[in-house]
Amino acid sequence: MSTRTMVAVAFTALAVCLAGCQPMAYLMSTPLQIVRAEASTLNAYGPDDQMTLLYATTRQPLMTASSRSYGEAFSAELRLGVATLRVEPEGPGARDVRALPSLSNVRDHPTLRLEKLEERAVFEPSERLDALNDETAKFFSDIDQALSTSADKDVFVYVHGANNSVYRTAAQAAQYRPFTDRRSVVVAFAWPTVDNYLDYSRDLRNAQRSVPVFARFIELLARYTRAQHINIMAHSAGARIVSGALASLGADARPDRVTLRQGLRLGEVYYAAADIEIKTFVSEFKSYGDLPMRVTLQVNRGDYVLAFLGMSSGNSRAGRPNFDELSEAERTSLWDWTAASRLDIVDVSSERAGDLPGGAHAFWYERRWVSSDVVLEFVYHAPPAQRGLNATDKDGLKRWVFPSDYEQRSAAATGRLLGQ
């Protein structure tokens, strides 16, 4: 059997397993900041509590607007609404989220149930950015109202990966809010995917079709909210949408760069387990790398999903990169960006909390050290050194790693950042 055939067979087996064993949405591992909080001051979620978040989607609508559902087909309209979820009151994980650090198996964590999707506005492809309909204007006005009562004046946008249902997308995005002590305004961008890895190519086509719609959504947030920053978390294939959209916004030659940067107000852009070809990532970064406050690329050399995708296509992914695929000019650019801190590469392979497998594809979500670092970055806009990470230099490329005493460093970093 040839190497290519072996890879194809292995990938098919992986796809069948993932397609047939879709996980429930569990509360993520509690970041260290919450673990250390006093019970009297912790504003966390427990069993039977509700979570709400805003959503934007390019999925085809089903049922009625007041009780909406969405299919797997692409729709060019940008649909906006509110999702309501609830923490399940029963099961082995039905307990206060402060207990989660002691639960090594994520399946012992509380699960989430999607109760309702309420669609509130539709922004048509033909509509102009400077002339919103009443429903769309009200949606962004509600974001401003939420920001006015929130300690965190940034908007957090979550873009999911392939093979993800609306339910899991909403659940993964919603729980970011309690782990910032309910301070953050969260929006999930739900693009159409199929709950079957055998249709991965279809998901990639839908990701590409969602790029211009996501770019318009970022422009709408920038124009019609008073958010200090628009922060973006892209997981897996969601990196294709975020990278492509920011590249298109960065290619806009009409305003000067300072005006464009000030208008978009991009804060943290975080790529977790990025399922985008490393050459494409580097090429698109050139167009927008100067616009956000910070861009973080999380890499994991043990990520089994990205390993299979890279081997089957012959192109390594940015989340598990083979830098030998880059030209000399591309490598020079990447090395320069990391040296100048325009791009921070965080190697989560160095994370050693708990006994979870090192090849997981959702480190930002499942690993407590990584989720802690994510919270510190997004809430405080802190660079890696101020978050307790160590810099390493391999082949001239600067990377950031988790030191063995990260928990102590994270505690000290949190104290300093709170003091500031």
Just to be sure, is GLY314 of a type in the set (Gly, Ala, Ser), modelled with pLDDT under 90, surrounded by fewer than 20 Cβ atoms within 10 Å (Cβ to Cβ) and out of contact with any Cys (no Cβ under 9 Å at 6 or more places or on another chain)? no
Helices (runs of 4 or more DSSP H) wholly inside segment 196-287 containing at least 2 residues that are acidic (Asp, Glu): 200-224
Taking segment 310-338, which residues are of a type in the set (Gly, Ala, Ser) and either within 22 Å of PHE156 (Cβ to Cβ) or assigned to a strand (DSSP E or B) (or both)? ALA318, GLY319
Can you work out which of the residues in segment 391-420 that are within 26 Å of the chain's Cα centre (by Cα) and in a strand (DSSP E or B) is farthest from VAL375 (Cα to Cα)? LEU397
Scanning for something at negative phi, surrounded by fewer than 18 Cβ atoms within 10 Å (Cβ to Cβ), touching a residue at least 60 places away in the same chain (Cβ under 8 Å) and not in a loop (DSSP other than H, G, I, E, B), does segment 377-390 turn up at least one residue? no
If THR225 satisfies all but one of (1) modelled with pLDDT of 95 or more; (2) polar (S, T, N, Q); (3) closer than 25 Å to HIS361 by Cβ, what's the number of the condition it fails? (3)
Filter segment 63-85 for residues that are over 21 Å from ALA137 (Cα atoms) and crowded, with 17+ Cβ neighbours inside 10 Å; the one that is modelled with the lowest pLDDT is LEU85
So ALA171 passes all but one of these: (1) assigned to a helix (DSSP H, G or I); (2) hydrophobic (A, V, I, L, M, F, W, C); (3) closer than 25 Å to ALA251 by Cα. Which condition number does it fail? (3)
What about LYS394, is it touching a residue at least 12 places away in the same chain (Cβ under 8 Å) and within 25 Å of THR280 (Cα to Cα)? no
Taking segment 289-309 and keeping only residues that are in a helix (DSSP H, G or I) and within 18 Å of the chain's Cα centre (by Cα), one is left with VAL305, LEU306
Could you tell me whether SER349 is over 17 Å from VAL401 (Cα atoms) and part of a helix (DSSP H, G or I)? no
Filter segment 355-400 down to the residues that are in contact with an Asp or Glu (Cβ under 7 Å, 6 or more places away or on another chain) and among the small types (Gly, Ala, Ser), then identify the one that is modelled with the lowest pLDDT. GLY359
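Residues are listed down the side, and each one gets a yes or a no for (1) crowded, with 24+ Cβ neighbours inside 10 Å; (2) free of Cβ contacts under 8 Å to residues at least 12 places away in the same chain; (3) closer than 25 Å to ARG342 by Cα:
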{"site": "TRP191", "(1), (2), (3)": "yes, no, no"}
{"site": "PRO212", "(1), (2), (3)": "no, no, yes"}
{"site": "GLN228", "(1), (2), (3)": "no, no, yes"}
{"site": "GLY238", "(1), (2), (3)": "yes, no, yes"}
{"site": "ALA253", "(1), (2), (3)": "no, yes, yes"}
{"site": "THR259", "(1), (2), (3)": "no, yes, yes"}
{"site": "LEU264", "(1), (2), (3)": "no, no, yes"}
{"site": "ILE276", "(1), (2), (3)": "yes, no, yes"}
{"site": "SER287", "(1), (2), (3)": "no, no, yes"}
Does VAL282 fit the bill of being in contact with a Lys or Arg (Cβ under 9 Å, 6 or more places away or on another chain) and either among the β-branched types (Val, Ile, Thr) or free of Cβ contacts under 8 Å to residues at least 24 places away in the same chain (or both)? yes
Please go through segment 289-298 and give me each residue that is touching an Asp or Glu at 6+ places or on another chain (Cβ under 9 Å), surrounded by fewer than 24 Cβ atoms within 10 Å (Cβ to Cβ) and among the aliphatic types (A, V, I, L, M), ordered by number. MET293
Residue satisfying all of: in segment 199-220; of a type in the set (A, V, I, L, M), within 16 Å of ALA73 (Cα to Cα) and out of contact with any Phe, Trp or Tyr (no Cβ under 7 Å at 6 or more places or on another chain); modelled with the lowest pLDDT among these: LEU204
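The values are calculated or read from the model by the stated rules, or taken from the named source; none is laboratory data. Everything numeric here is computed off the predicted structure, so don't read it as measured data. Neighbour counts run over all protein chains shown; Cβ positions are idealised from the backbone, glycine included.
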